[in-house]
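What follows is a short report on a single structure.
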Amino acid sequence: MVKLAKIFQDDMTFQRNKPCKVWGTSSEVQTVTIYMNEKEVAERELPQGDFTFFLPPQEAAQNVTVRIGNDVVLRNVDFGEVWFAGGQSNMEFPMKYDSQFEEMKNSQPDEHLRYYEVAKYSFEGEEEEGLKSNQDWNCWRCLTSETIGSFSAVAVYFAMELRKHYNIPVAIVSCNWGGTSASAWISREMLEADEELAVYLREYEENLAHLDMEAYYQISYAKRKGMGSPFAQMINDFMMKNTVTMEQVMQHVGKLAAGAGMDMQGGAAENSGMSQESFMVTGPHDENRPCGLYESMLSKAAGFTIRGVIWYQGESDDTHPEIYEKLFTRLVEQLRKDWAEDIPVIYAQLAPFESWMQCRGDKFPELRKQQFDAWEHIDNVYMISTSDCGNRFDIHPKNKQPIGMRMALSARQHVYGEAVQGDAPIAAEMEVQDKQICIQFDNAASLHLEGQEFQELEIYADGEMCAITGWSVSGDTLIVSIKDSIISNEITVAFAQTPYYQVCLFNENGLPAFPFVLQKRK
């Protein structure tokens, strides 16, 4: 008897033009013949117990029947482009909360844009506990008006762009969880190997040492039970669809409770899983513990043959922003180790943001710098700009279309080899000319300014701010005029170095400039 892992099902998509990894268990030693639409394509020797083998590479195809021996038949299988979509809430962000959801919901169904969501369980045994009931996990679904609302908005926009440009099947393997540090998606072995990154493990273990474990498990159980309730879902819908304050959320909770005949003093918030104390601890059952989601989620899909990874995460790593480049580097190493391949990774820089609920963007400038440094130092990774996609008072911007489309544009350039400009403008060097500073940009054959005012740019001469009197663009160069002649020894130009900012400088593909700091000494 041959049994495949959960991810191998009817209606699935395999990666085209690559040997595709297949794994499962066999009740005995046996030789199996593999057929595609009844045509024999390979034979494989299976041991008793766990096995792994590779399907031979296939061209793009639709609605193929794959038969493996006498026990396994996979129907309606596509071969196309498969991408892994990981990260935290801005990648998880479902299309039903996106500002263009109504339009997208009414778009044509597409049976060859497919989506597989790895089950969101944070510890072994949680599925058996039965508090979560999501029939959409661990199954392949096609894009329809009924399914699109629960798909990652970023991933859908990304996949739609690839479908439009290449007209072949495209699939997403979704593996993400809101509010999580990159350390949750990396193995213990990888974190322990680096003294600086081991801080995540040390802090967690110190926290465990002070936990009343009996009380913790009670709170954890109540939290999971509450978060799965319809009441909690209504609160979450209100928070995610709208840009709201905590006061507005509590007012909404009060209305919901009153409508349901619940006494607020009787614990409506607690019953919803939204109580403050339920989020104040991190223990063995919490998704944000170091290595936790690597063990319970990522490892379940790791190795499934893909073209590459799209990643949107970093907001929850503001506790140690100064080591995020190193943490992200380890994450990429983890992905490449588990996939045994130098897979490309396309990721989003953190969007402009100031504050929302208990979250603040104070550390975001440093995190963005760390993300930029990672792009410079890691081969085959590519970062997209979100400089015009932020919301000052909402950590979850509601328009994900630019993010997904820019990731697809980056993939078209760097992964599929098209002659397109998929990178945003990067300040490369500056020249000081009396009362002018000329800043030359890479990735910009033709810069342009939008709006009446150039914002977010500051110029310092020996630490003193200069008064800007005008600006213009010429080809790949921004020309900034200042009030007084520069006679200083050190000039610093800083752009978008605050938690929230608005940019008006774009290249010919409408990609907004990355934040930057340039310095020059005479």
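The values are calculated or read from the model by the stated rules, or taken from the named source; none is laboratory data. In this text the structure is predicted, and so the values were computed from the model without any measurement. When we count neighbours, we look across all protein chains shown, and the Cβ atoms used for this are built from the backbone with ideal geometry, even at glycine. For accessibility, only protein heavy atoms count, side chains too; no ligands or nucleic acids. Shrake-Rupley method; radii C 1.70, N 1.55, O 1.52, S 1.80 Å.
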Mind checking which residues of the stretch 335-377 are of a type in the set (Gly, Ala, Ser), on the phi < 0 side of the Ramachandran plot and more than 15 Å from the chain's Cα centre (by Cα)?
355, 361, 374
Per-region count, the stretch 231-263, residues assigned to a helix (DSSP H, G or I) and either at pLDDT 85 or above or crowded, with 16+ Cβ neighbours inside 10 Å (or both):
23
Taking the stretch 119-153 as the region of interest, how many residues are in a loop (DSSP other than H, G, I, E, B), polar (S, T, N, Q), open to solvent by less than 40 Å² (accessible area, probe 1.4 Å) and under 14 Å from residue 94 (Cβ atoms)?
1
Count of residues meeting criterion [open to solvent by less than 10 Å² (accessible area, probe 1.4 Å) and either free of Cβ contacts under 8 Å to residues at least 12 places away in the same chain or part of a helix (DSSP H, G or I) (or both)] in the stretch 338-370:
3
Residue 461 - would you say it is modelled with pLDDT of 95 or more and open to solvent by less than 20 Å² (accessible area, probe 1.4 Å)?
no
If a residue must be surrounded by 23 or more Cβ atoms within 10 Å (Cβ to Cβ) and not hydrophobic (A, V, I, L, M, F, W, C), how many such residues does the stretch 175-191 contain?
4
For a quick check of your reading of the model, give me the residue pairs whose first member lies in the stretch 117-145 and is on the phi > 0 side of the Ramachandran plot, whose second is buried (at least 17 other Cβ atoms within 10 Å of the Cβ), with beta-carbon atoms closer than 6 Å and at least 6 apart or on different chains.
138/119
Please state which of the following conditions residue 405 fails to meet, knowing it meets all the rest: (1) surrounded by fewer than 17 Cβ atoms within 10 Å (Cβ to Cβ); (2) of a type outside the set (D, E, K, R); (3) at pLDDT 95 or above.
(1)
Across the stretch 28-45, what is the total count of residues that are assigned to a strand (DSSP E or B), among the aliphatic types (A, V, I, L, M) and either open to solvent by 40 Å² or more (accessible area, probe 1.4 Å) or out of contact with any Asp or Glu (no Cβ under 8 Å at 6 or more places or on another chain) (or both)?
3
Hey, any hits in the stretch 58-71 for a residue that's open to solvent by less than 40 Å² (accessible area, probe 1.4 Å), over 17 Å from residue 40 (Cα atoms) and in a strand (DSSP E or B)?
no
Single residue of 388, 373 found to be under 22 Å from residue 242 (Cβ atoms) and open to solvent by 20 Å² or more (accessible area, probe 1.4 Å):
388
Show the residue pairs meeting these rules: Cβ distance below 7 Å; 6+ apart or different chains; first residue within the stretch 37-53 and farther than 13 Å from residue 22 by Cβ; second residue open to solvent by 60 Å² or more (accessible area, probe 1.4 Å) and of a type in the set (Asp, Glu).
48/28
For residue 159, state whether it is open to solvent by less than 30 Å² (accessible area, probe 1.4 Å), assigned to a strand (DSSP E or B) and either over 30 Å from residue 201 (Cβ atoms) or of a type in the set (S, T, N, Q) (or both).
no
I'd like the full set of residues that are polar (S, T, N, Q), modelled with pLDDT of 90 or more and over 16 Å from residue 365 (Cα atoms), limited to the stretch 489-512.
492, 507, 509
Does residue 486 meet the test of being of a type outside the set (Phe, Trp, Tyr), open to solvent by less than 60 Å² (accessible area, probe 1.4 Å) and modelled with pLDDT under 90?
yes
Pull up the stretch 1-16, narrow it to residues that are in contact with a Lys or Arg (Cβ under 8 Å, 6 or more places away or on another chain) and not in a loop (DSSP other than H, G, I, E, B), then point me to the one that is surrounded by the fewest Cβ atoms within 10 Å (Cβ to Cβ).
15
If I filter the stretch 192-204 for residues that are open to solvent by 50 Å² or more (accessible area, probe 1.4 Å), within 22 Å of residue 129 (Cα to Cα) and either part of a helix (DSSP H, G or I) or at pLDDT 90 or above (or both), do I get at least one hit?
no
Only one of (1) touching a helix residue (DSSP H, G or I) at 6+ places or on another chain (Cβ under 9 Å); (2) surrounded by 15 or more Cβ atoms within 10 Å (Cβ to Cβ); (3) among the small types (Gly, Ala, Ser) does not apply to residue 228, and that is (1)
For the stretch 17-27, does any single residue satisfy the condition of being at pLDDT 95 or above, surrounded by 15 or more Cβ atoms within 10 Å (Cβ to Cβ), among the basic types (Lys, Arg) and under 30 Å from residue 153 (Cβ atoms)?
yes
Of the residues that sit in the stretch 91-148 and are under 25 Å from residue 16 (Cα atoms) and of a type in the set (Lys, Arg), which one is farthest from the chain's Cα centre (by Cα)?
141
Residue under question is residue 436, and the condition is that it be modelled with pLDDT under 95, under 30 Å from residue 149 (Cβ atoms), open to solvent by 20 Å² or more (accessible area, probe 1.4 Å) and not small (Gly, Ala, Ser); does it hold?
no
Of a type outside the set (Ser, Thr, Tyr), open to solvent by 10 Å² or more (accessible area, probe 1.4 Å), closer than 30 Å to residue 217 by Cβ and touching a helix residue (DSSP H, G or I) at 6+ places or on another chain (Cβ under 9 Å): does that describe residue 325?
no
Being out of contact with any Cys (no Cβ under 6 Å at 6 or more places or on another chain), more than 30 Å from residue 486 (Cβ to Cβ) and part of a loop (DSSP other than H, G, I, E, B): is that true of residue 404 here?
no
Of (1) without any contact (Cβ under 8 Å) to a residue 60 or more places away in the chain; (2) surrounded by fewer than 19 Cβ atoms within 10 Å (Cβ to Cβ); (3) not polar (S, T, N, Q), residue 478 satisfies all except one. Which?
(2)
Could you list, in sequence order, all residues of the stretch 287-307 that are at negative phi and open to solvent by less than 10 Å² (accessible area, probe 1.4 Å)?
292, 293, 297, 298, 301, 304, 306
